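Laboratory data are not the source of any read-out in this text; all were calculated from the coordinates shown. Values in this document were obtained by computation on a predicted structure and should not be read as measured data. Please note: Cβ atoms are built from the backbone with ideal geometry, for glycine as well, and neighbour counts cover all protein chains shown.
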Amino acid sequence: MKQHRGTPTLEDRIDQIRTEIERVVEERVDAVAKESPGVPRGVIRNLLVARAPACACEQYLMLKRST
C-alpha cells in the first residue's frame, strides 16, 4: 500500500502509541509510589502490569479499566 506524504507508517504509529502507553504507566507508577513510600518503582510497575499480557496495548486497557 502506497503511503501518502505526511501519513505516518504503521511502525511510526505503533511507536507513538507505545510511547504514550509508557507515559500512562509511568504516571500510574508515580501515583502509587507517592502512596507507598519505600516500595521500589520496579516492584510497583510489575504489580500494575503483571495481570495484563506482555502486550503494551492490553496493559494500557487494563490500567484504564481500573481507574
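Some observations on this one:
- Computed per residue of the chain from DSSP H runs no shorter than four, each worth -39500 (n - 2.57), the mean residue ellipticity at 222 nm is -22000 deg cm²/dmol.
- Cleavage-rule hits (trypsin sites (Lys or Arg not before Pro)) in region 1-51: DSSP loop, at most 12 neighbouring Cβ within 10 angstrom: Lys2, Arg5, Arg51
- If the segment from Glu11 to Arg45 were pulled out straight at 0.36 nm per residue, it would be longer than the present Cα-Cα gap by 9.7 nm.
- Translational diffusion of the chain, µm² s⁻¹ [Kirkwood Rh, Cα pairs; Stokes-Einstein; 25 °C; 0.890 mPa s]: 183
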